[in-house]
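The values are calculated or read from the model by the stated rules, or taken from the named source; none is laboratory data. This is a predicted model, so every value here is computed, not measured. As a convention, Cβ positions derive from the backbone with ideal geometry for all residues, glycine included, and neighbour counts pool all protein chains shown. Surface accessibility is based on the protein's heavy atoms, side chains included, excluding ligands, DNA and RNA. Shrake-Rupley method; radii C 1.70, N 1.55, O 1.52, S 1.80 Å.
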Amino acid sequence: MIKGFTRFLQSPGERIKSLFGPQDAPAGSTGPRIIPRQEHPVSRQHFSDAALKVLYRLHNAGFQAFLVGGCIRDALLGHMPKDFDVATDATPEQVKDLFRNSRIIGRRFRIVHVRFGREVIEVTTFRGKPNDDHADHISQQSDDGLLLRDNVWGNIEEDALRRDFTVNALYYNIADFSIHDFADGVHDIEARTLRLIGDPATRYREDPVRMLRAVRFAAKLDFHLDPATEAPIHDAAPLLLQIPPARLFDEVLKLFMAGQGVATFHLLRDYGLFAMLFPEADEAMEELPWAERLVELALESTDRRIAEDRPVTPAFLFAALLWAPVQQRQALHEADGMPPIPALQAASQQVVSRQLQHISIPKRFSLPMRDIWDLQQRLPLRRGKRVFQTREHPRFRAAYDFLLLREGAGEITPGLGDWWTAFQQADEHEQRRLLGKVGADPAGSGQPRKRRRRRRKPRGPASDT
């Protein structure tokens, strides 16, 4: 078993082709293609203990229980799955009765979260096709076709064809360890093709976030989009403006903090989706030659840290994404006579306020983001105690890294970053020497303070005595 799986990892595409044969079943055909355990490489060893507990408890209670979606797709590609979704014919209330460590969430899509420590297993009931007999609290669509609620229960066949992509309509049956392929997903995996189930334009209207998922999976899996799946995206991109900002915040984290941020960013720009998420940043990239490169460098850094299993924060990424429009607005304020620091603060407030109309940014990220921006004004000021106060600021390290990105993108002339690099590594004697050199570098020391002229007190009337 282990040797066979090792060979599969070395060439998953060829192994899938040899295991399942060349025949093609039409996408959306009735009845699944059932692949028995001995003919596929997916093993229970790939699944977490928590996922197996959920599957077996549902199965032993008389319900159908399947692992579905990305975990099966990733296992077939030779990757170790991280997230596990379970599909069942049990209703949310029945699932909750089986698991004391669970809760029902959502109104638009009612699902159950079963928690095992820090791991959460998502359990969904098979969904069916809505019709006119269903009340609005069960199934509801807007006039534009957007799904507002989708809680019609059905069978596994109906559930499979309501999923988004063929490669996600794969079900692993805990009863006999077989894989049920309802939409030719196995062959699309072998062809490295991402294909929507159903009419793409209709599916995008039902849920515009599917366009973001298409881009994310294409970047993550290194798949190409099927031409029919790709064709409507440019025209459908404005549909994203219907999506609540809070939901789009979660989607942006998935897009940019999964380790393929640079590739994802380029796809978003190519398909016109980035402008729907960050409209002012997109406009700034057309005018400022360094703006796009700054975002690329920030995403390269994020991807590298994720690959090295180091921590990342959305605050730094949002600081890079929104910095160019902040600089544009600050320049306008300074041209109107506003001093630099108030101009930056006013520009920051305006940019954030506009961005919140598209993507909500929680204060736990927006406040550190603004600290990073504010420190860009303080880093050039390197005289006396000020430099040590800046060095001790809790956001100094992030602001310093951000300064290096600005230099690397060509926004500002290199040099200040090297000075701060040397200052952090220096002993006390070397730090004094570096501070002494600042006086000979007026371009990098900030604007000198203007001395205020002391007003003379008016003389009193001359005494007659």
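Side notes on the structure shown:
- Residue that is nearest to Thr88 (Cα to Cα) [pool: residues in the range 170-181 that are of a type outside the set (Asp, Glu) and open to solvent by 10 Å² or more (accessible area, probe 1.4 Å)]: Asn173
- The residues listed here are Leu367, Leu344; of these, the one that is part of a helix (DSSP H, G or I) and buried (at least 18 other Cβ atoms within 10 Å of the Cβ) is Leu344.
- Just one of the listed residues (Arg149, Arg192, Arg107) is modelled with pLDDT of 95 or more and under 28 Å from the mean Cα position of the chain (by Cα), namely Arg192.
- Any hit, the range 342-358, residues being under 21 Å from Phe265 (Cβ atoms), charged (D, E, K, R) and modelled with pLDDT under 95: no
- Residue under evaluation Arg269, criteria (1) within 27 Å of Ala324 (Cβ to Cβ); (2) in contact with a helix residue (DSSP H, G or I) (Cβ under 7 Å, 6 or more places away or on another chain), criterion not met: (2)
- Sole exception among (1) free of Cβ contacts under 8 Å to residues at least 24 places away in the same chain; (2) open to solvent by less than 30 Å² (accessible area, probe 1.4 Å) for Tyr271, by number: (1)
- Lone qualifier among Arg382, Arg310 - being part of a loop (DSSP other than H, G, I, E, B), among the basic types (Lys, Arg) and within 23 Å of Lys254 (Cβ to Cβ): Arg310
- Selected residue (criterion: surrounded by the most Cβ atoms within 10 Å (Cβ to Cβ)) from residues of the range 386-443 that are part of a loop (DSSP other than H, G, I, E, B) and aliphatic (A, V, I, L, M): Ile412
- Condition check for Glu230 on (1) touching a helix residue (DSSP H, G or I) at 6+ places or on another chain (Cβ under 7 Å); (2) farther than 26 Å from Pro362 by Cα; (3) open to solvent by 50 Å² or more (accessible area, probe 1.4 Å): one failure, at (1).
- Matching residues, the range 347-362, being in contact (Cβ under 8 Å) with a residue 12 or more places away in the chain and open to solvent by 50 Å² or more (accessible area, probe 1.4 Å): Gln350, Arg354, Leu356, Gln357
- Qualifying residue in the range 288-297 (condition: aromatic (Phe, Trp, Tyr), modelled with pLDDT of 95 or more and farther than 20 Å from Glu407 by Cα): no
- On inspection, Arg118 passes the criterion of being at pLDDT 70 or above and open to solvent by 50 Å² or more (accessible area, probe 1.4 Å).
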